[in-house]
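Working notes, structure below.
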Amino acid sequence: MSIVQELSRALPKGIVITGEENTRPFECDGLSVYRQKPLAVALPESIEQIKQILKICKANNTPVVTRGAGTGLAGGAMPLEKSIVLGLSKLNKVKSIDAENQLAVVEPGVRNIAISEAVAEYGLYYAPDPSSQIACTIGGNVAENSGGVHCLKYGLTVHNIESLTMLTMDGEELTLSRQDDGMGLLALMNGSEGLLGIMIEITVKLTPTPQLARVVMAAYDSVRDCANAVADIIKAGIIPAGLEMMDKFAIEAAEGFAKVGYPLDAQALLLCELDGSEAQVQAELDIVLKVLSGASTLKVSESEEERLNLWKGRKSAFPAVGRLSPDYYCMDGTIPRRHLADMLDKINELSEKYQLRVANVFHAGDGNLHPLILYDANIPGELERTEEFGTDILKLSVDMGGTITGEHGVGIEKLNAMCHQFNNKELETFHKIKQAFDPDSLLNPGKAVPELHRCAELGAMHVHHGELPHPELERF
Amino acid sequence: MADRIAQLQALVQASSSLHINTEWLDYAGVVEYYPEELVMTVKAGTTIAELKKQLSKNNQSLTFYTKDDDVSIGAVYANGGQDISDSVLGVQIIDGNGEALNFGGQVMKNVAGYDVSRLLVGSKGKLAVITQISFKVLPSTYVGELSAPIKTNNNPALRVEIEQRLKSVFDPKGIFQ
Ligand SMILES: Cc1cc2nc3c(=O)[nH]c(=O)nc-3n(C[C@H](O)[C@H](O)[C@H](O)COP(=O)(O)OP(=O)(O)OC[C@H]3O[C@@H](n4cnc5c(N)ncnc54)[C@H](O)[C@@H]3O)c2cc1C
C-alpha cells in the first residue's frame, strides 16, 4: 500500500487531498516561481490527526513540509518531491484569552489579524504585524520570526511569544516557555522554518492598544537626506512605533494605486508613527518635527482616518508595484541604519547594470530593506538576471555588516546567499542542530541551510569569473 | 585582540576539562558602539559597570536586569533570562573543538540560520566560550523599571535529551564543565 493510500485510509474523509488538480494550490508559497507537487496534502483537524500523519510519514521515511497559509516569500512551505504537505489552516482557533495577564493561547493555523480581532474588546492587540497579516498564520510567523511595521518599538515575533508546544517528528510533545531555566530553546524555534519541529499551540503576548497614534509624513528632495533623517530620529532618542521609507518609484506606484496624496515630485518619503498617551505623542512629535524640518513636505495626521489613509499607500506598495510589471522579486536584506543611503545608491547602480527597474519600500527604522526588482519571467534570461541582481544586493548587505534576510527566511531561495554569510563550520553547526531535533531529517529537509558541497561548488563557480559550469543544471 | 582569540582557541584545543569564567577569559572592552544603531558590541569579559558608563554618555540604557554591576556581560548572558535573550543580536564563540564561530549580527532583524545567539543564552558556560556579544540598547526614557527575570525549572525528559544532544553539537568532547 502506498503512503497516500495509507494516509487516506487512516484519516477521516476530506483530510487527505490527492491528485494533480486538488494539490495544485499547495505547489508553491509566495515565491511562486518555484513549484513542486507533493505526494499528497493533509489538512488535519486535531493534534491527534497530526500525530497519526507523522507516524505514517515516519514509518515510510517520507518528508513532511509543514504549511501555514503559504504566504512565505522564500519557498519555505514549497513541497518537496515525494513529500507530504502538512497544512495547519484548519487549526485556527483562539483557545483562550487571559486579558489580565495580556496573553492568548492560540492554535497554529490562526491568522495573525484574527488574534488582534479576538482580543480587541479587551483593549489589547497582538503587536507584530507583517503586511500579510490578514492571511498569514501565527505558526508561520513563529517559524519565520516574522516582523512588521510596528516591530521597531514592539519587537519581532520572538519577543512576543510567551510559550509554545511543539511536536517532534516522533509525535512527542514538548512545551517551551520564556521562563525555562536552561538553553534558549523557545527562541531557537523562532525562525526554525519548519525544520526542527511542528508548532501546535502558541501562547502570545498581547499589547495594550495605544490611546493615540499619529503619523508624520516627510517628503525629501534627496534620498540621502531622507535616509539620514532615519538615523537622526533614533539619535534624538525617539523610538517611533513605525518608521518606513519609500523611494520615488515606490511613491509613484503607491500613489497611482491608492491615491492617498503622497507628493509625486519627492525623491523619497518617510512615514514615522508615534503612539502612546496624548502627552507622550505630543512630546515625541515636537522632537520629530524638529529633526525632520529639512523635509520639503511635512504633514501630520490630524485624525484616525487621515492616519490610516497615509499608511494605506505604504501598505499597498507591493500590489501597487505588481501592477507595473508582470513579475517582481522582493529582497529582504538588513543593514546597519547608517549605511542606508550608500546602499540605496549601490542598488541604483546595480539597477543600471542589470537593466532592471527596482522600487524600494522598506522598514527603515530596522534597516530592513525590501527592494522590489521588476521583471518579466516570459522574457528568456530575465529571471536569471533578476536573481543575480538580488544576490548582489544580499552580498552587499552582508559586506555592510548586515544579513541576507531580516524577516522572510532562507527557505530554498537564499541557500546560495547563506554560503556568503556563514563559513563551513558555522553551517555544519546548523546541520547538527537540526539533527539534534530531527535525526532522520524528515522535517522540511534541504531548506534553510545549504549543504556544504553546494557552497563549495558555488565557490568554484566564482573562480570562473561568473561563467557558470553546466548551465543546463537547474539552480535556485 | 585577534591574538587573544587565537590564544583562547589554542587553550580550548589543548584542554580536556575547562571551567570558563571571566578571569580565565581575560577579554574585555567595547568593540563597537554607534548610538544611532542602538547596538553595542563588546568583548564578553566587559563589566556591566563599564557598559553602563558608556551608555549613559548617550542617554541610553541596557534593557535587561543586572543585580551586580561588577559581573561581566558574558556571565549575565551565560546565566540567562528572558530579558537578556530579548536584547541579544549576535555572538562570537569558541566551540569545544576550538573553532571560532559567528552567529547573528549587529542588526535588529536577522533570520539567516538558526538563532544560535539566543540558543546559547542560559547555556551556563557548558556549550561554548562566549567571546563577544552584540545586543540592543534603548534610549533611557524607553526603559522602565527592570526586575529579575522569572525562571522556572521545567525539565521534561525530552527537553533534557535535546539539551544533551545540543551539548554534543557544540562540545563533542565534553570539556566545558
Ligand atoms: C504580500 C506579502 C507581504 C508580506 N509581508 C511581510 C512582512 O511585513 N513581514 C514579514 O516578516 N513577512 C512578510 N511576508 C512573508 C510571510 O507572510 C511571512 O513569512 C509569514 O510569517 C508566513 O506565514 P504563513 O502562515 O503563510 O507560513 P507558510 O508560508 O505557510 O510557511 C512558512 C514557513 O513556516 C513553516 N511553518 C508554517 N507553520 C508552521 C508550524 N505550525 N510549525 C512549524 N513550521 C511551520 C513552513 O514549513 C515554512 O517553512 C509577506 C508575504 C506576502 C505575500
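Selection within the range B:138-177: residues that are among the aliphatic types (A, V, I, L, M) and away from chain A (no Cβ under 11 Å). The member of this set that is nearest to B:ASN58 (Cα to Cα) is B:LEU146. Of all residues in the range A:63-76, those satisfying the criterion of being at negative phi, within 6 Å of the ligand (Cβ to nearest atom) and among the small types (Gly, Ala, Ser) are A:GLY68, A:ALA69, A:GLY72, A:GLY76.
Residue by residue, here is whether (1) more than 8 Å from the ligand (Cβ to nearest atom); (2) part of a helix (DSSP H, G or I); (3) surrounded by fewer than 19 Cβ atoms within 10 Å (Cβ to Cβ) holds:
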site: A:MET78; (1), (2), (3): yes, no, no
site: A:SER96; (1), (2), (3): yes, no, yes
site: A:GLU100; (1), (2), (3): yes, no, yes
site: A:GLU117; (1), (2), (3): yes, yes, yes
site: A:SER146; (1), (2), (3): no, no, no
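Look at A:GLN52 and say whether it is more than 9 Å from the ligand (Cβ to nearest atom), away from chain B (no Cβ under 14 Å), over 23 Å from A:ASN190 (Cβ atoms) and not β-branched (Val, Ile, Thr). Judged against the criteria, A:GLN52 is a match. Among the conditions (1) at pLDDT 95 or above; (2) open to solvent by less than 10 Å² (accessible area, probe 1.4 Å); (3) within 14 Å of chain B (Cβ to nearest Cβ), A:SER301 misses just one, which is (3).
Here A:MET331 fulfils each of the conditions (1) assigned by TED's automatic domain parsing to the domain that holds A:GLU255; (2) open to solvent by less than 10 Å² (accessible area, probe 1.4 Å) apart from (1). The single condition from (1) open to solvent by 40 Å² or more (accessible area, probe 1.4 Å); (2) closer than 24 Å to A:ASN368 by Cβ; (3) within 7 Å of chain A (Cβ to nearest Cβ); (4) touching a helix residue (DSSP H, G or I) at 6+ places or on another chain (Cβ under 6 Å) that B:TYR114 fails is (1). Exactly one residue out of A:GLU428, A:GLU382 is more than 16 Å from the chain's Cα centre (by Cα) and within 11 Å of another protein chain (Cβ to nearest Cβ): that is A:GLU428. For the range B:142-156, a residue qualifies if it is modelled with pLDDT of 90 or more, surrounded by 14 or more Cβ atoms within 10 Å (Cβ to Cβ) and assigned to a loop (DSSP other than H, G, I, E, B), and the qualifying residues are B:VAL143, B:PRO149, B:LYS151. Candidates in the range A:119-144 are the residues that are near the ligand (Cβ under 6 Å from one of its atoms) and either in a loop (DSSP other than H, G, I, E, B) or within 14 Å of chain B (Cβ to nearest Cβ) (or both); of these, the one that is farthest from A:MET199 (Cα to Cα) is A:SER131.
In the range B:21-36, which residues are more than 18 Å from B:LEU89 (Cα to Cα) and either part of a helix (DSSP H, G or I) or not acidic (Asp, Glu) (or both)? The answer is B:ASN21, B:THR22, B:GLU23, B:TRP24, B:LEU25, B:TYR27, B:ALA28. Among residues of the range A:149-191 being at the interface with another protein chain (Cβ under 7 Å from one of its Cβ atoms) and in contact (Cβ under 8 Å) with a residue 60 or more places away in the chain, the one that is surrounded by the fewest Cβ atoms within 10 Å (Cβ to Cβ) is A:LEU188. One residue stands out in the range A:334-374 among those that are part of a strand (DSSP E or B) and within 14 Å of chain B (Cβ to nearest Cβ): the one that is surrounded by the fewest Cβ atoms within 10 Å (Cβ to Cβ), namely A:HIS363.
Can you confirm whether the range A:212-223 contains a residue that is more than 20 Å from B:LEU119 (Cβ to Cβ), open to solvent by 10 Å² or more (accessible area, probe 1.4 Å) and assigned to a helix (DSSP H, G or I)? There is at least one residue in the range A:212-223 that is more than 20 Å from B:LEU119 (Cβ to Cβ), open to solvent by 10 Å² or more (accessible area, probe 1.4 Å) and assigned to a helix (DSSP H, G or I).
The values are calculated or read from the model by the stated rules, or taken from the named source; none is laboratory data. Model, not experiment: these values are computed from the prediction. Every residue, glycine among them, receives a Cβ derived from its backbone with ideal geometry; neighbour counts consider all protein chains shown. Just so you know, the surface numbers come from the protein's heavy atoms only, side chains and all, with ligands and any DNA or RNA stripped out. Shrake-Rupley method; radii C 1.70, N 1.55, O 1.52, S 1.80 Å.
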